[in-house]
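Enquirer: Below you will find the structure I want to go over with you.
The values are calculated or read from the model by the stated rules, or taken from the named source; none is laboratory data. These numbers were taken from a predicted model, which means no experiment stands behind them. Cβ atoms come from the backbone with ideal geometry, glycine included; neighbour counts cover every protein chain shown.
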Amino acid sequence: MKYIGVQNEYFEIQKVDHTNCHLLEETQKDVLKLFWFTSDDNRVTIDREHYVFNKNEIVCLTQFHKINHLHVNTVNLLRFNRQFYCVLDHDSEVGCKGILYYGAAKMPKLHAKETHLDILQTAWHMASLEFEMNDELQQEMLQMMLKRILILCTRMYRQQNADEELSIEQHNLVREFNFLVEKHFRTKHTVVAYAELLFKSPKTISNTFKKLGEKTPLQFIQERITLEAKRLLYYTDKDISEIGYEIGFPDIQTFSRFFKKQTGKSPSDFRNTV
């Protein structure tokens with residue numbers, strides 16, 4: 001089921017199985033995706049990392065993720081473009097910037113519990129019914145259902161990632177930090193640089209991340225740079241020196257040292273073994 005508006009607004013939900021699983025791999029400009037797996041043992045490669053998704057697990061992906069399906073049973077697919085609904089411009093409505101989408105190297109993997117499923121199934125069903133209503137209110141109604149799904153997933157994320165231990169201000173600081181890393185990782189490689197953008201001290205940012213019990217802010221930055229380097233090494237024929245320069249390293253030696261420290265392999269060894 002697909003909606004196309006008069007200004008190229010695009011929204012789609014599909015039931016995917018082994019007969020049409022190529023849909024998972026499609027890449028479209030400015031299109032965000034949500035996969036809701038409805039069976040066990042779905043094997044998917046995302047950015048060359050292998051994942052197994054089971055029933056009622058959800059993953060949110062951007063147009064930058066490289067996806068290959070290995071074995072897919074059943075999954076509900078949702079896609080929408082920026083013209084239909086921009087999560088950046090409407091962040092105050094759904095609060096998913098920097099966590100569900102554009103969250104640097106961290107890919108959110110959610111698990112819908114029974115209480116979440118009722119809401120998710122209702123919103124999905126109502127959206128499916130709305131595709132049959134061809135009137136001037138259709139787009140607004142579809143946007144409402146999308147917002148409901150995104151809000152639910154944002155709540156799931158917070159419950160499953162200890163975000164509830166943070167104050168609202170701290171939660172928003174983490175989200176904004178993650179988003180800024182996604183936006184600037186090619187040119188800004190230090191926590192100090194992001195602290196300046198956020199008008200916070202590096203210590204404040206580090207202490208907030210420590211509450212989550214996860215990686216340090218610097219590790220988030222380095223993982224995003226490494227992910228981009230891997231993508232460029234695998235999916236392009238660019239010279240290694242060009243790749244290093246593209247993601248902010250002044251010379252090939254500095255880039256090679258960084259990459260080997262993060263992955264255990266030199267860029268050339270990584271490219272030759274993938």
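Enquirer: Return only the number of the condition from (1) over 23 Å from the mean Cα position of the chain (by Cα); (2) modelled with pLDDT under 95; (3) crowded, with 19+ Cβ neighbours inside 10 Å that F249 does not satisfy.
Expert: So F249 meets the others, but not (2).
Enquirer: Can you name the residue in segment 198-248 that is without any contact (Cβ under 8 Å) to a residue 60 or more places away in the chain and of a type in the set (F, W, Y) and is also nearest to D269 (Cα to Cα) among such residues?
Expert: Per the stated criteria, the residue is Y245.
Enquirer: Here are F185, F84: which of them is of a type in the set (F, W, Y), out of contact with any Phe, Trp or Tyr (no Cβ under 6 Å at 6 or more places or on another chain) and crowded, with 20+ Cβ neighbours inside 10 Å? Before you say what the answer is, go through the steps one by one.
Expert: On the way: F84 fails: out of contact with any Phe, Trp or Tyr (no Cβ under 6 Å at 6 or more places or on another chain).
Exactly one of F185, F84 is of a type in the set (F, W, Y), out of contact with any Phe, Trp or Tyr (no Cβ under 6 Å at 6 or more places or on another chain) and crowded, with 20+ Cβ neighbours inside 10 Å, namely F185.
Enquirer: Looking only at segment 116-136, count how many residues are surrounded by fewer than 16 Cβ atoms within 10 Å (Cβ to Cβ) and either outside the structural domain of R79 (by TED's automatic domain parsing) or among the charged types (D, E, K, R) (or both).
Expert: 4
Enquirer: Right, next: Select from segment 126-137 the residues that are in a helix (DSSP H, G or I) and in contact (Cβ under 8 Å) with a residue 60 or more places away in the chain and write down the one among them that is farthest from D91 (Cα to Cα).
Expert: Selected residue: S128.
Enquirer: Could you check how many residues of segment 1-15 are within 21 Å of the chain's Cα centre (by Cα) and in a loop (DSSP other than H, G, I, E, B)?
Expert: Qualifying residue count, segment 1-15: 1.
Enquirer: Return the residues of segment 91-105 that are closer than 16 Å to V59 by Cβ and in a strand (DSSP E or B); say none if nothing qualifies.
Expert: Y101 - this is the single residue of segment 91-105 that is closer than 16 Å to V59 by Cβ and in a strand (DSSP E or B).
Enquirer: Picking from L227, L173, L212, L166, which residue would you name as being crowded, with 19+ Cβ neighbours inside 10 Å, at pLDDT below 95, farther than 17 Å from D91 by Cα and not polar (S, T, N, Q)?
Expert: Result: L227 is the single residue among L227, L173, L212, L166 that is crowded, with 19+ Cβ neighbours inside 10 Å, at pLDDT below 95, farther than 17 Å from D91 by Cα and not polar (S, T, N, Q).
Enquirer: Also: Given the conditions (1) part of a helix (DSSP H, G or I); (2) on the phi > 0 side of the Ramachandran plot, report the number of the one that R271 does not fulfil.
Expert: (2)
Enquirer: Scanning for something more than 15 Å from the chain's Cα centre (by Cα) and among the β-branched types (V, I, T), does segment 48-62 turn up at least one residue?
Expert: Yes, segment 48-62 contains at least one residue that is more than 15 Å from the chain's Cα centre (by Cα) and among the β-branched types (V, I, T).
Enquirer: Answer yes or no as to whether D135 is in contact with a His (Cβ under 8 Å, 6 or more places away or on another chain), modelled with pLDDT under 85 and of a type in the set (D, E, K, R).
Expert: Answer is no for this residue.
Each row is one residue, and each column tells you yes or no for (1) among the hydroxyl-bearing types (S, T, Y); (2) part of a helix (DSSP H, G or I); (3) surrounded by 20 or more Cβ atoms within 10 Å (Cβ to Cβ); (4) more than 15 Å from the chain's Cα centre (by Cα).
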| residue | (1), (2), (3), (4) |
| --- | --- |
| D89 | no, no, no, yes |
| M107 | no, no, no, no |
| Q139 | no, yes, no, yes |
| L150 | no, yes, yes, no |
| T154 | yes, yes, yes, no |
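Enquirer: Here's a check for you: in segment 175-197, which residue that is touching a residue at least 24 places away in the same chain (Cβ under 8 Å), assigned to a helix (DSSP H, G or I) and out of contact with any Leu (no Cβ under 7 Å at 6 or more places or on another chain) is farthest from P108 (Cα to Cα)?
Expert: It comes out as K183.
Enquirer: Of V31, V44, V52, which residue is within 26 Å of Q160 (Cα to Cα), at pLDDT 90 or above and touching a His at 6+ places or on another chain (Cβ under 8 Å)?
Expert: Details: V31 fails: touching a His at 6+ places or on another chain (Cβ under 8 Å); V52 fails: touching a His at 6+ places or on another chain (Cβ under 8 Å).
Of the residues listed, the single one that is within 26 Å of Q160 (Cα to Cα), at pLDDT 90 or above and touching a His at 6+ places or on another chain (Cβ under 8 Å) is V44.
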